[in-house]
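Reviewing the structure listed below.
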Amino acid sequence: MESEENKALQRTHYDDITLPIYERCLADESALVGAGLPQRYMKVHRLVEAYVDEQLGSDHSGQALVDFGCGWGEWACYFATLGFEVWAQDISEGNVKLADLRAQRNNLDVRIHTSDCTATEFPDVHFDMATGMALVHHLTLEEEQRFYDEVYRVLKPGGYALFKEPLKEMAWFRRVVELVPVRDKRNPRPSRLSPQWKAYAAQEHEPERPVSVAHFRQAFPPDKWDVVRVVPTGLFSRLDRLTRHTPTRTAIHDWDYRVFHRMTFLRKLFRNVIVIVRKRA
Ligand SMILES: C[S@@+](CC[C@H](N)C(=O)[O-])C[C@H]1O[C@@H](n2cnc3c(N)ncnc32)[C@H](O)[C@@H]1O
């Protein structure tokens, strides 16, 4: 797919979903207050926080972070609560409005812009850390390379970039996972076995290009980047869709992230990968 076509698809897909939600949130003064800040039960948040601290220390005052493809602003606001000066961007105006409202309603200073992550107006060599959460798999291969060039431009020498991406699934595993319905208010999904499945499967879903662990091991030219970590994460946490009960979800996530590093032989089944690279000084 061509870049312009992909960008238009991404923008429209997210604007269609988000602009009506933004209008509803605007009308309801209690909406977004405290929401998603941070989703503590999700071990992946704590894991990301631990990796960020490992690279930059735990005092983030005076450190600047930019979140690319910020979506509804959960991660950007989360990083602001950790003490970073946070800048963020997204291609969808609806997402940016919602992220901005979330920041305002939680008294967080996050500077958010609508732009394309491959060509932003962020200042050169300003940031200690750049993040992209579930963004890369929405880019074409060629956009992905331009995105890394943009991240390189805005990072200080020795600065870090952290990406968290869903992994490409094996077809048979996908089919097994799809047997379990998702009872999510925002994004419900019927089981493959239910009569509603056919209609659901025929709908248009997120435009994406799933990626593999091997892809990230090769994506960063060694004259520009040191690859610090490529960590597949999350296996049993796929089962969190079975319950909305927060303590049970916490337990599943905790167990998962405690044992995952011993189960590398199952790496093809992992849910996400966390990639950390450092701009060569
Ligand atoms: C799956 S969402 C992830 C949102 C957020 N990072 C999170 O983890 O909740 C992917 C996001 O990438 C954004 N996106 C897609 N293409 C983009 C581009 N070229 N530049 C900036 N953002 C883009 C979409 O608008 C969407 O908000």
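Coordinate-derived values only; no laboratory data. Please read these numbers as outputs of a predicted model, since none were measured by experiment. Positions of Cβ are backbone-derived with ideal geometry, glycine not excepted, and every protein chain shown enters the neighbour counts.
Rounded, prolate or oblate: which one fits the stretch 61-153, using the alpha carbon gyration tensor with axes a ≥ b ≥ c (rounded when a/c is under 1.5, else prolate when a/b beats b/c, else oblate)?
Because a/c hits 1.5 or more and a/b fails to exceed b/c, the stretch 61-153 counts as oblate.
Decide, for the stretch 3-279, between rounded, prolate and oblate: order the square roots of the alpha carbon gyration tensor eigenvalues as a ≥ b ≥ c, take rounded if a/c falls under 1.5, and otherwise choose prolate if a/b is larger than b/c, else oblate.
Working: a/c = 1.35, a/b = 1.16, b/c = 1.16.
The shape class here is rounded.
Work out the count of Lys pairs in the stretch 70-206 where the Cα-Cα distance is under 30 Å, with the pair 8 or more places apart or on different chains.
Numbers: 97/156; 97/164; 97/185; 156/164; 164/185; 168/185; 168/198; 185/198.
Lysine pairs satisfying the spacing and distance rule in the stretch 70-206 number 8.
Mind ordering 96-107, 245-256 by average Cβ neighbours within 10 Å, highest first?
96-107, 245-256
Suppose we keep just the DSSP beta bridges with both residues in the chain; what percent of those would be antiparallel, to 5?
In the chain, DSSP labels about 45 percent of beta bridges as antiparallel.
Would you please classify the overall shape of the stretch 151-281 from the alpha carbon gyration tensor, given that a ≥ b ≥ c denote the square roots of the eigenvalues, rounded means a/c under 1.5, and beyond that prolate means a/b larger than b/c while oblate covers the rest? Numbers along the way, then the final one.
Values: a/c = 2.27, a/b = 1.78, b/c = 1.28.
The shape class here is prolate.
Express in % the proportion of alpha carbon pairs of the stretch 1-123 at distances exceeding 24 Å.
Working: 2255 of 7503 pairs.
Within the stretch 1-123, distances greater than 24 Å cover 30 percent of Cα pairs.
Could you compute the net charge surrounding residue 110? Neighbours are other residues with a C-beta less than 10 Å from the C-beta of residue 110; K and R count +1, D and E count -1.
-2
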